[in-house]
1. Scan region 79-103 for residues that are assigned to a strand (DSSP E or B), more than 30 Å from residue 230 (Cβ to Cβ) and in contact (Cβ under 8 Å) with a residue 24 or more places away in the chain and report the count.
2. Could we say that residue 125 is surrounded by fewer than 18 Cβ atoms within 10 Å (Cβ to Cβ) and modelled with pLDDT under 85 here?
3. What is the number of the single condition among (1) assigned to a helix (DSSP H, G or I); (2) under 28 Å from residue 250 (Cα atoms) that residue 301 does not meet?
4. Quick one: count up the residues across region 322-346 that are under 21 Å from residue 381 (Cα atoms) and without any contact (Cβ under 8 Å) to a residue 12 or more places away in the chain.
5. Report yes if residue 244 is assigned to a helix (DSSP H, G or I) and either closer than 18 Å to residue 202 by Cβ or touching a strand residue (DSSP E or B) at 6+ places or on another chain (Cβ under 6 Å) (or both), otherwise no.
6. With the requirement that a residue be surrounded by fewer than 16 Cβ atoms within 10 Å (Cβ to Cβ) and touching a helix residue (DSSP H, G or I) at 6+ places or on another chain (Cβ under 7 Å), what does region 295-310 give you?
7. Being in contact with a helix residue (DSSP H, G or I) (Cβ under 8 Å, 6 or more places away or on another chain), at pLDDT 85 or above and part of a helix (DSSP H, G or I) narrows it down to one residue among 142, 185; which is it?
8. Quick one: how many residues across region 247-263 are part of a loop (DSSP other than H, G, I, E, B) and on the phi < 0 side of the Ramachandran plot?
């Protein structure tokens with residue numbers, strides 16, 4: 001196939017975003033439950049999807065990309081490929097189904113409480129895509145490669161195209177814990193595995209590794225435990241914050257920095273007013289904890305150098321002379337000076353100046369602040385000395401820097 005490379009790339013990209021994709025052959029013998037990740041095998045007494053999907057697959061036209069919603073509010077993108085196979089993207093959600101929707105669906109299917117629990121877990125594990133335009137753009141790009149140009153195919157939006165053509169079979173009660181069901185177990189195993197991947201990426205400060213985990217896998221969290229969907233999201237974010245705290249601790253970040261960030265996000269979580277805002281808080285929180293490790297990990301430093309760096313970061317306005325810091329951490333100043341230069345590649349004083357200058361750039365954004373006030377907030381009692389250090393660092397004065405950059 002001329003489009004094999006593009007199709008494989010598309011599937012790899014979807015996989016990185018934790019969006020399922022499936023290629024099916026002609027429905028002659030059996031259709032795999034991979035198309036809906038096992039939802040209908042959970043609700044119906046069958047693993048054979050022919051009776052459910054065969055008519056829809058056979059009715060699919062060539063050179064058409066279908067975007068459809070099934071009866072369970074799950075979204076898909078679907079197309080018949082030139083070689084006669086069928087390509088599915090999904091299922092995914094645009095928003096989490098509310099409690100009322102799930103209860104109505106459960107009532108129609110005569111589901112037991114155990115099955116309702118599994119249905120809630122199923123929804124919780126699906127990726128939530130706030131803006132599906134990028135996904136449709138991806139499908140259109142693939143379609144252009146397959147059929148030659150945008151004039152050679154069309155896209156159709158269909159509601160409930162893939163219907164359940166068989167009568168729902170009441171499901172008997174599940175003995176024991178509902179988590180013992182295969183679907184529940186696979187979801188739980190995937191969640192715990194993804195949490196380990198997330199913690200490892202954060203603990204190593206590897207921001208680029210988060211994109212393959214945090215963007216979709218943690219959109220929902222675990223199954224709903226509270227009737228208020230926003231409260232359920234906030235409860236999950238509190239659990240996630242605890243995991244991130246531990247990851248930062250494993251990454252060698254001092255408790256001071258972890259506490260500051262944790263306290264800030266405790267407020268951000270409770271201040272979220274919508275599901276969309278909670279998802280943004282989650283994305284920001286994961287990134288900021290990863291950056292915390294990247295910027296403040298002490299793993300590469302010896303005990304005394306790590307203690308000195310912690311004191312510097314704690315308060316740049318304090319007396320941060322070599323002698324004062326050495327006295328506070330109970331070490332010989334000459335020994336600390338040699339050790340610091342060896343491990344940091346600069347003198348302790350140069351490091352202090354660098355951190356104070358970084359803070360000054362933040363303060364300069366506020367045009368109401370006078371230069372002398374900024375100098376004091378950066379630990380300089382002498383404004384002239386502050387200006388001299390700033391010019392040495394950035395090649396210009398604080399006033400000129402403010403005018404040119406802010």
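The values are calculated or read from the model by the stated rules, or taken from the named source; none is laboratory data. Computed from a predicted structure; not experimentally measured. Every residue, glycine among them, receives a Cβ derived from its backbone with ideal geometry; neighbour counts consider all protein chains shown.
1. Selection size over region 79-103: 4.
2. Considered against the rule, which asks whether it is surrounded by fewer than 18 Cβ atoms within 10 Å (Cβ to Cβ) and modelled with pLDDT under 85, residue 125 comes out as no.
3. (1)
4. 2
5. Spelling it out, residue 244 is indeed assigned to a helix (DSSP H, G or I) and either closer than 18 Å to residue 202 by Cβ or touching a strand residue (DSSP E or B) at 6+ places or on another chain (Cβ under 6 Å) (or both).
6. Listed by number, the list holds a single entry, 302.
7. Checking each option against the conditions leaves just 142.
8. The qualifying residues number 2.
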